[in-house]
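The values are calculated or read from the model by the stated rules, or taken from the named source; none is laboratory data. Just so we're clear, the structure is a prediction, and the values are computed from it rather than from any experiment. No Cβ is skipped: glycine too gets one built from the backbone with ideal geometry, and neighbour counts run over all protein chains shown.
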C-alpha cells in the first residue's frame, strides 16, 4: 500500500518536472557558481606547490609550471613560528568550544524550564544584546583594559564564548525535545537540577551539542579579529592572525624568522616567500575544507532551529 | 515573584524553591559573562560624551576625563569623510539586503527543481564552502587573482599590460558585491532550503491536479510559505544596516588608500580611529552605530508587525 502510494507520487513528480532545456540551463548556472567557489582554493593550493622560481617568472597559475614542496619544507624546517601559531589556534578552539558549549547550554536549559522564577529576567539578559550593544570602542576598553585581557589568550577565548543566537537555539531545542515528564520523574527519584542537566539532559541532546560545538569551533578557528584588537605579542598569535600579518606584509614573515637568531637570518635570506605564504593559507583552510562536508547537517539543523524562532 | 497568574490552569509553585536556586547557579556563569562582555560595554558607551584621556586604569580615566557634551559628535560630523563613509555603509547594505534575499531565494527555488538530486547536493556543498572561510583567507584568495605582478587575472588576460587592480576604485563596488554574494549565497540557501523541504508535498500534488504550472506553484505555494523566514532574514539584515562585514571591507582591499572613498565603512572607520588613538571620533561613531542600529531593528520589526503581525520577530 505504502509502496503503491510512493509510485503514484513519483509519477506525479515526474510529470511536474521542469523541462530538459531548463534543467540543463539551471545545472550550468550551478556548475559555474560551484566552480567560482572551488577554483580560488585550488589556485592557492597550486601556488603553494609551485617552485619559487616558477612563481617569480610566470606568476600565479592554476597548474604549477614547476612542482615543488619547498614552501611546506621551509615551514617545517623553521618550525617554531608556525607550530606555535597552530598551537594557539588549536588551544583557543578547543578550550573556547568546551567553555562556550557549557555556558550556552546551561543558560538555555535554565531558560527552558517553565516554572523557573527568574526565567523572565534571563530572557531579557539574553534578548537585550541582540538589539543593542556597546560598540567597538567601549568593548575594546572594557575587554582590553578593565578586564585586563590585553595580550592574553583570554581575549581570544572569552568574547566569543556566548552568543544570544546560540542560547536561543538551545532554549528552543530543550523546550521541544526534552519532555517535562522525564525531568519530573528524575526529580521524584531525588535528582537535583545539576544531576538532571549533566546526566540526563546533555546526554540526550547530542545533536544540539554538535551543532553549537561546530558553530563555536569554526568561529574560533576562523577568528582573526580578536587577535587584531587585543594581541600584540608574536607568541600569542593564532594561525589566522599570523596569516593576516604575512598577507599584509610579506616582510613580516622574514623579520619574524630573522628574530629567531643568526640561523634564522640565514633562512630568511633565501626563503620561498610566495609559496610559503600560500602554504600557510592551505594549512589554515585544509582542516575546514576536509571537515565541513561531514558536519554540514549539524550546521543545517542549527540554522533551521534558529530560523524557527529568532 | 510569587503568585504568578497561570492561564494554563496548572498548579504553579508560589515560593522560591530548591529548583530555582539550582537553576540560578547553573545560569550564573553565563549571566556573569553577559554582565562583563555585554552589559559593561553598554555602560561604557558614555565614553562618547567624554573627552577621554588615558589616566591610569580605564575606570580612573573614565572618571577623570571631562564631560564634553556633544563635542565628539560635532567633531565627527564636521569631518568630510564621515558622509562618504555613511553613504558607503548604507549603500552597500541596501544593495546587500536586496541581493541577499533575492539571489538565495532564487537559487533555492532553482536547486529544488533540478532533476538530479545528487548533483543538487554536490552544488550545495560546493557553494556552502566560502561561508566557512575567514575573510583573511578570502583576502588571500582574492590576492592570488588580482595581485599586480603575479595575479592570475593579469597573467591570463593582461600579460603585456599588468593592471593595478588595488588602485582602481571603479571596479571595487562590483567586486565587493560579488564577494558578498559569493560568501553568503550557500548559507542563505541552507536557511531557505530548510523551509522549502518542510513544505507538505500534498499541497503541490493538489496544485498539479488542478493544472497549476510550476511557476504558479512557486508563486502561490512556495513563496507564501517562505515569507516568514524571508521577513526574519530581512529584519536581521536591516538591524545591521549601520554595521558592515568588517573583514570584507578591511581585509579584502588591503587598506589601499586609493580605494578608501569606495570601500571605507563605519566599522573600518571606527577601527582605524581607535587604532590611531583618536578615541573621541571613534567613540562618537561607535555610539551612532549602536543607537541607530538599535532603532532600525526595532523600527523594522514594528513595521513588519503592522503589515503582518505573525511574521514579527519580537
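When every residue of region B:81-94 is checked against the conditions, at least one turns out to be at pLDDT below 90 and more than 27 Å from residue B:300 (Cα to Cα).
Given A:106, A:110, which one is part of a helix (DSSP H, G or I), over 26 Å from residue B:240 (Cα atoms), at the interface with another protein chain (Cβ under 7 Å from one of its Cβ atoms) and within 23 Å of the chain's Cα centre (by Cα)? Give the steps one after another, and end with the answer.
Working: A:110 fails: within 23 Å of the chain's Cα centre (by Cα).
Residue meeting the stated conditions: A:106.
A count restricted to region A:42-61 and to residues that are facing another protein chain (nearest Cβ under 7 Å) and either modelled with pLDDT under 85 or touching a helix residue (DSSP H, G or I) at 6+ places or on another chain (Cβ under 6 Å) (or both) stands at 6.
For region B:201-314, the helices (runs of 4 or more DSSP H) that sit wholly inside it and include 1 or more residues that are within 11 Å of chain A (Cβ to nearest Cβ) and surrounded by fewer than 21 Cβ atoms within 10 Å (Cβ to Cβ) are B:201-209, B:214-217, B:223-239, B:246-250, B:266-276, B:279-307.
Among the residues of region B:37-53, is there at least one that is modelled with pLDDT under 90 and surrounded by fewer than 18 Cβ atoms within 10 Å (Cβ to Cβ)?
As a first pass, look at region B:37-53 and keep what is modelled with pLDDT under 90: B:50-53.
Next cut, surrounded by fewer than 18 Cβ atoms within 10 Å (Cβ to Cβ) only: B:51, B:53.
Checked against the condition, which is being modelled with pLDDT under 90 and surrounded by fewer than 18 Cβ atoms within 10 Å (Cβ to Cβ), region B:37-53 yields at least one hit.
Residues considered: B:224, B:173. Of these, the only one that is more than 29 Å from residue A:284 (Cβ to Cβ) and at pLDDT 90 or above is B:224.
Just one residue in the set B:280, B:290 is modelled with pLDDT under 90 and assigned by TED's automatic domain parsing to the domain that holds residue B:169; that residue is B:280. Taken over region A:123-175, the criterion of being under 22 Å from residue B:232 (Cβ atoms), facing chain B (nearest Cβ under 8 Å) and outside any helix (DSSP H, G or I) is satisfied by A:132, A:133, A:162.
Residues of region A:258-286 that are surrounded by fewer than 17 Cβ atoms within 10 Å (Cβ to Cβ) and at pLDDT 65 or above: A:270, A:286. Determine whether residue B:37 is touching a residue at least 40 places away in the same chain (Cβ under 8 Å), touching a helix residue (DSSP H, G or I) at 6+ places or on another chain (Cβ under 9 Å) and either in a loop (DSSP other than H, G, I, E, B) or outside the structural domain of residue B:177 (by TED's automatic domain parsing) (or both). For residue B:37, the condition - touching a residue at least 40 places away in the same chain (Cβ under 8 Å), touching a helix residue (DSSP H, G or I) at 6+ places or on another chain (Cβ under 9 Å) and either in a loop (DSSP other than H, G, I, E, B) or outside the structural domain of residue B:177 (by TED's automatic domain parsing) (or both) - is not met. I need the full set of residues from region B:127-148 which are facing another protein chain (nearest Cβ under 7 Å), touching a helix residue (DSSP H, G or I) at 6+ places or on another chain (Cβ under 6 Å) and touching a residue at least 24 places away in the same chain (Cβ under 8 Å), in order please. Listed by number, the residues that qualify are B:127, B:128, B:129, B:130, B:134, B:136.
Selection of region A:176-192 for residues being part of a loop (DSSP other than H, G, I, E, B) and under 21 Å from residue B:24 (Cβ atoms) yields A:178, A:190, A:191, A:192.
Taken as a whole, the condition of being surrounded by 13 or more Cβ atoms within 10 Å (Cβ to Cβ), touching a strand residue (DSSP E or B) at 6+ places or on another chain (Cβ under 7 Å) and either within 20 Å of residue A:134 (Cα to Cα) or in the same structural domain as residue B:261 (by TED's automatic domain parsing) (or both) does not apply to residue B:61. In the list A:143, A:178, which residue meets the criterion of being assigned by TED's automatic domain parsing to the domain that holds residue A:104 and over 30 Å from residue B:274 (Cα atoms)? Answer to the check: A:178. Screening residue A:90 on (1) touching a helix residue (DSSP H, G or I) at 6+ places or on another chain (Cβ under 8 Å); (2) more than 8 Å from chain B (Cβ to nearest Cβ); (3) free of Cβ contacts under 8 Å to residues at least 12 places away in the same chain shows it passes everything except condition (1).
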